[in-house]
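Here, each number is a calculation from the coordinates, and none is a lab measurement. This one's a predicted model, so the numbers in the text were calculated from it and none came from an experiment. For neighbour counting, all protein chains shown are included, and Cβ atoms are generated from backbone atoms with ideal geometry for every residue, glycine included.
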């Protein structure tokens, strides 16, 4: 029995050692600015400058990258689960198909980065700057995008169910064909945003600014528009919209609704 216990402990230690950061990989990164498919799990790289680094497919799980500079870096397919990237600069980087589940990206700068098909479930992007970001077909379920900047971002085909976009700014963003059930968009700035074909059932637009937004073929079943501004918005082809949902919202003479519905005027 003791031999069995000892062998189990040894195996566990070996497994832990194998999973730990590879010192040779860290050396290669520091010397060459690249570390493709390498093992940097748990690496302490806070405030490091790695502009343009090639980290494609790297294992950066649980790595500490707070305040790191990774502008223009290649992180395609990288594993960044639970990594600390708070206040890091990832602008113009490629994170396509990267795993960022439960990753801390609070106050990170990601503008013009490519996160298409990335796994961002449970990720924290509160106060992140992601203007012009590419999120096509990404998975952002249950993510925190509160107070983030997503102007001109592309979320087409992404999954955002149960995400938090409270007070986020996403003017001119593309949310076409997204899955956005139970999304919180309280007081969000969503002017001129395209929600065509999106599933917005049970989502909350409380006091959101939806001026000029498009809802063609969007599913608005049980969506909440209390106090929201729909001036100039086009809901004429929206699905599952009823009068009761619009009673406490407002619009103007440019707001387009299904023929049988009306909305209070914002100027009254």
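Remarks
- Cα-Cα pairs of the chain separated by more than 22 Å (percent): 57 percent
- Remark: the Cα gyration tensor places region 68-171 in the rounded category, a/c being less than 1.5.
- Beta bridges from DSSP with both residues in the chain: antiparallel share about 0 percent, rounded to the nearest 5.
- Segments 67-73, 145-151 sorted - mean Cβ within 10 Å per residue, highest first: 145-151, 67-73
- Structure-based [θ]222 nm, the chain - -39500 (n - 2.57) summed over DSSP H runs of at least 4, per residue, nearest 500: -3500 deg cm²/dmol
- Principal axis extents of the C-alpha atoms in region 164-216 (largest first, rounded to whole Å): 23, 22, 12.
- Diffusion coefficient, µm² s⁻¹, Stokes-Einstein with Kirkwood Rh over alpha-carbon pairs of region 51-124 at 20 °C and 1.002 mPa s: 189 µm²/s
- Each principal axis of the Cα cloud of region 144-268 was evaluated for its coordinate range; sorted largest first, these ranges are 34, 25, 20 Å.
- P(r) weight above 21 Å for region 13-149, C-alpha pairs, percent: 31 percent
- Share antiparallel - DSSP beta bridges, region 43-128, percent rounded to 5: 0 percent
- Cα-based equivalent ellipsoid, region 110-216: semi-axes from gyration tensor eigenvalues, Å: 17, 14, 14
- Our summary gives the chain a relative contact order of 7 percent, counting only alpha carbon pairs under 8 angstrom and 6 or more residues apart.
- Of 126, 51, 76, the one that fluctuates the most in a GNM where the chain has Cα springs shorter than 10 Å: 51
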